[in-house]
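Only the coordinates and a few stated rules stand behind these numbers; no lab work does. These figures come from a predicted structure and were not determined experimentally. Cβ: placed from backbone, ideal geometry, glycine included. Neighbour counts: every protein chain shown.
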Amino acid sequence: MAIDWITVLAQIGNFLVLVWLLKRFLYKPILNGIDARETEIATRMGEAEVARKKAAAAEAAFVQQKQALLVDNSEQAERIREQAEKEKDALLAATRESLEREKQEWQAHLEAERDRFISELHCASAETLYQLVRRALHDLADEDLEERIGLHVISKLKPLAHELVSAGANAEQAVATTHKSLSNSTQETIRDALAGMAPGLDLKFSVDPRQAPGMILRIGSVQMAWTVDSYTDELTGMLSERLARAGCRTMAERPALSPAEDFLDALLDVPAPSPALTEVGTVAEVGDGIAVVAGLARALADELLVFASGVRGVVLDLEPDRLGVILLGPSDRITAGEDVWRTHKVFSVPVGNGLLGRILDATGGPRDGNGSVASTAERPVEASAPGILSRAPVNRPLATGIKVIDGAVPIGLGQRELIIGDRQTGKTSIAIDTILNQARSDVVSIYCAIGQRGDAVARVIETLRKSGQLANTVVVAAGDEDAPGLAYVAPYAAMTMAEYFADQGHDVLVVFDDLTHHARSYRELSLLLRRPPGREAFPGDIFYVHARLLERAGQFTPEAGGGSITALPVVETQAENLSAYIPTNLISITDGQIYLSPRLVRKNQFPAVDIGLSVSRVGGKAQHRAFREVAGNLRVTLSQFEELEDFARFGTRLDDNTRARLTRGAAVRTALRQPERDPMPAVEQLLVLMAALEGLLDGLSENEVAETMIRMRNSVGDSLKDVDERIRQNRSLEEAEKQSLLRVARTALALSGEDRHGPDA
């Protein structure tokens, strides 16, 4: 068989081509893939080895850390245990100290209760003794006692002969009044004895069954009484003097009480009372709140008089034959012809720390139903104003808690700042908020309500009571239902009480609400006393009446006590008439005024303080430095805004700068809004004022500004503790502290924006 070499060669070529194709397209990629896989596996094995080593190292580190943590936990547990032991010991010590203190307080309370019981027992015994003596003398009195009293009176007249002759110089007749008629022999004896001392004096005898047993001898404007009642009245005086030493006068102090035997022995050692001549006048006329008294030629101005009906009065007018007396009680109890006696002392009111927390009338008597007032002393309501050398500059701020006032119209301790405006503009609210804010200070407050409605005064008292500030406040109330004389003396009584606290080194805030009613009361009394009227029918001395009151306020030197009296008189205007008589007088007397505008009230801007018409003449020197730095341009910003606001009403096209000023002013004005009965701490005021003046509130609506201010106030915490401390120290703010204020404001603003628009807005 022949070999077809051509076919063999062709098959060999095909095989070689096949082998080449397989090597080219099959075996080589497979081998490359295998090589790559082996390389990858080797790489991953190396990485795994590295990871294994890292894991082993991490495990070792974890074990080491775990062991260290176990050691630390053990040490920390030991420290916690030791700290707990210390806290337990401290708590036990504090508890023991508290229990010991409560024990001592309870013992002191028991001792005080014992002393109070003994004192009350003494007082009750004295009262019982007095009543028994009085009743016994009345029951046992007969004609013989009357006779003996008459003869005794004549024997006691001899040392008073000169005074008797002087008193009866112009008298032609004397009257001796007894409870029962005297015998003829006794009458002749008394008549002869009196004729020997006062020749030409006709003596007549009268009988008054209503009179206590005894005799009352009246010659002209003087009288001498020697009756059972006069004797027991003097006995009452002696008892009061002795009991005052035993603590009956004031229960605030606990003096040592003498034994009963010593007390009775002291009473028995006191000589019997002796008759004395007393001046007696009669009521010639009586009007609504006044009385005209005749027969008391020696009476002095401002002297306290006592009427037979028990009503008291103060001498206001001195004329040759008559006295003009303002009544401190109801005039309908007084009748013409009624007797009037001098007290030989000026009208005074009680003073002392015991007045704090009490509601008093204009005479210092209680009106709260809490018993008698524990006073330290009594002081005349009329007093001279401190001299120039007793006064010190006003350089300490009085924080009102009201943004617009503390920022733009600051008040200093010792300043007289008038609060003026029409009715229902918020004058009383500003005064009350200022009192409420003194809970953050040591300032003693006195609120004097003059001619106010009873319900209005009750609301003020309830506000003070709910806030807890009543305990540091004295309320003196002379309502519109009281006698006009009480409204007249009320502010002087309040100022006298304030002077006591100032003399003790305290800072005192006095609110007179309001002096318009006081001026009207004085006008009513003056017209009834037929004083010549002046402008608006007010008497000519109305300026002096208010000046001598307000000049008693001020900052006093350490030699004069070191305290201060800040006066906030309130005055009401009619139809925004600041040029009326009383407002102009008080503006000239005071150191500035806070004007409340009805225009702002209509815009719902409260407090309605018109910064343009309000001024503080001395308070700027006492303003916090932080407020001067932050709110220094507050007045300028608002003034420019109000001018531009009026200009913009004409529809004029405004440039961007003007629009920016309008936007800024609107935000600032809205930021100054503040609800009543919500005085703000200084740091919160600064936060809101800085946010408004720096433009953070620009473009926000009124509701948005209100919400943002609430959030700002709630955000004040430890972050602004340094700012608060600098305000307390009256130091300037550093740049970092200003930035802290802005940071808190921006945070509150951002949170308010989230609340308005949602977190995804």
Which whole number of Å³ per residue matches the convex hull of the alpha-carbon atoms in region 384-621? 119
How much length would be gained if the chain were fully extended between Glu576 and Lys66, taking 0.36 nm per residue of separation minus their Cα-Cα distance, in nm to one decimal? 175.4 nm
Sorted by packing (mean other beta-carbon atoms within 10 Å per residue), highest first, where do 446-457, 573-584, 481-492 land? 481-492, 446-457, 573-584
Whole-Hz couplings from phi, Karplus 6.51/-1.76/1.60, listed for region 400-407; x for Gly and Pro: 8, x, 10, 4, 5, 7, 5, x
Could you tell me the extents of region 279-348's C-alpha atoms along the three principal axes, largest first, rounded to whole Å? 26, 26, 18
Mind ranking 676-687, 359-370 by how tightly packed they are, going by the mean number of other C-beta atoms within 10 angstrom, highest first? 676-687, 359-370
Over the alpha-carbon set of region 421-544, work out the extent along each principal axis and list the three values in angstrom, largest first. 48, 34, 24
For region 560-687, how big is Rg over Rh, using alpha carbon atoms and the Kirkwood form of Rh? 1.01
For region 384-621, with +1 on Lys and Arg beta carbons and -1 on Asp and Glu, the positive-most of Ile419, Gly454, Thr557 along the dipole: Ile419
In what order do Leu327, Leu70 fall by count of nearby beta-carbon atoms within 10 Å, going from fewest to most? Leu70, Leu327
Expressed in nanometres to one decimal, the distance between label points 7 Å along Cα→Cβ at Glu105 and Asp655 is 6.9
Thr39/Lys88 FRET efficiency (R0 60 Å; Cβ-Cβ; nearest 0.05): 0.25
Magnitude of the charge dipole, region 279-348, Cβ model with Lys/Arg +1 and Asp/Glu -1, debye to 20: 260
Could you state the number of Å between the C-alpha centres of region 650-718 and region 497-551? 40
I want the local charge near Leu436. Using Cβ-Cβ distances under 13 Å, sum +1 for each Lys or Arg and -1 for each Asp or Glu among the other residues. 0
With +1 at each Lys and Arg Cβ and -1 at each Asp and Glu Cβ, the charge dipole magnitude of region 384-621 around its Cα centre, to the nearest 20 debye, comes out at 400
Along each principal axis of its Cα atoms, how long is region 332-457 end to end? Whole angstroms, biggest number first, please. 60, 41, 29
Virtual spin-label span in nm between Leu644 and Ala547, 7 Å along Cα→Cβ: 4.5
Residue separation between Lys603 and Leu751 times 0.36 nm, minus their alpha-carbon distance, gives in nm 50.4 nm
Counting other C-beta atoms within 10 Å, which of Leu318, Leu194 has the fewest, and how do the rest follow? Leu318, Leu194
Using +1 at the C-beta of Lys and Arg and -1 at the C-beta of Asp and Glu, which of Ala301, Thr343, Ala291 has the Cα lying farthest in the positive direction of the dipole of region 279-348? Thr343
Quick one: dipole size for region 273-427, taken about the Cα centre, charges +1 on Lys/Arg Cβ and -1 on Asp/Glu Cβ, in debye to the nearest 20. 800
